[in-house]
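J.: What follows is a single structure, and I will ask about it in a moment.
Any read-out appearing in this document is the output of simple, stated calculations on the displayed coordinates, not a laboratory observation. Quantities reported herein were computed from a predicted structural model and do not represent experimental measurements. With ideal geometry, Cβ positions are generated from the backbone for all residues, glycine too; neighbour counts draw on all protein chains shown.
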Amino acid sequence: MADLPFKTMALDTHIHDRQAFDCGNEDLNHYLQRTANQHGLKYLSQTFVLTRREQRNFIRGFYSIGPCEVDTCKLPAAFMKKYKGLLAVPCIRINRLAVELSEHGKGLGKVLIIDALMRSLVVAKSVGSAAVIVDAKTEALLSFYEKCGFMVYDELSLFLPMKTINNLFTELVQ
């Protein structure tokens, strides 16, 4: 099997050129350039970057994930049947996700989502997590996440049950 042209890895400030990254959203650019590493050092969240194998220093996209807790009253009743009696459930939140402007429309957002879901599943199997949560900032992003399988639970907030993620990757391996 041929090597894929992209590689996803943890943000490393000694390798990755954060200043050159531009996704077209100043808040996301600023987060990657100034905040992501600090959040990682404080164990608040971890940031993973997508690079081309031959250009490891140039970031093509990134996402940041961390733990969260979601009130059970906010999630759909059908999903929450499994968690009766709990006021909140542990989840993993995709805090931020962005793709370099020059790479827009090439499917790299989906590559980042798949990587985030795989990492989240590994964490869930170690410490527990009911779902992956994401807050879409716009209607267009809401549509993107829905196409990736996420379900809306509160205006621009979406979730994907960990059981669904596990089934997805189990089917891919078989």
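J.: How are the Cα pair distances of the chain distributed, in percent, across 10 Å bins from 0?
T.: 9, 37, 36, 15, 3, 0
J.: Follow-up. Which of the trypsin sites (Lys or Arg not before Pro) found in the range 1-96 are in a DSSP loop and have at most 12 neighbouring Cβ atoms, other than their own, within 10 Å? Don't skip to the answer; put the middle values down first.
T.: On the way: sites: Lys7, Arg18, Arg34, Lys42, Arg52, Arg53, Arg56, Arg60, Lys74, Lys81, Lys82, Lys84, Arg93, Arg96; in loops: Arg18, Lys42, Arg53, Lys84.
The qualifying sites are Lys42, Arg53, Lys84.
J.: For the range 126-174, how big is the tail of P(r) above 14 Å, as a whole percent of Cα pairs? Could you put the intermediate results ahead of the total?
T.: Working: 623 of 1176 pairs.
For the range 126-174, the fraction of Cα-Cα distances above 14 Å is 53 percent.
J.: Using the scaling law 2.2 N^0.38 Å as the reference, what is the normalised Cα Rg of the range 75-158? Write out the running numbers ahead of the final one.
T.: Working: Rg = 14.0 Å, N = 84, 2.2 N^0.38 = 11.8 Å.
Its radius of gyration relative to the 2.2 N^0.38 Å reference: 1.18.
J.: Calculate for the chain the 222 nm mean residue ellipticity that helices alone would give, adding -39,500 (n - 2.57) per DSSP H run of length 4 or more and normalising by residue count, nearest 500 deg cm²/dmol.
T.: Working: 6 runs with 56 residues, N = 174.
About -9000 deg cm²/dmol.
J.: To continue, here is another question. Given the options Ala36, Ala77, Ala20, which has the most mean-square fluctuation in a GNM of the chain, springs set between C-alpha atoms less than 10 angstrom apart?
T.: Answer for the Gaussian network model of the chain: Ala77.
J.: Taking the Cβ of each residue in Asp115, Asp71, Asp17 as the centre, tally the other Cβ atoms inside 10 Å and list the residues starting with the fewest.
T.: Ascending number of Cβ neighbours within 10 Å: Asp71, Asp17, Asp115.
J.: While we're here: Hey, which of these cross-link pairs are over 31 Å Cα-Cα: Lys106/Lys163; Lys137/Lys163; Lys42/Lys147; Lys74/Lys110; Lys82/Lys147; Lys82/Lys110?
T.: On the way: Lys106/Lys163 28 Å; Lys137/Lys163 25 Å; Lys42/Lys147 33 Å; Lys74/Lys110 26 Å; Lys82/Lys147 25 Å; Lys82/Lys110 29 Å.
Cα-Cα > 31 Å for Lys42/Lys147; rest within.
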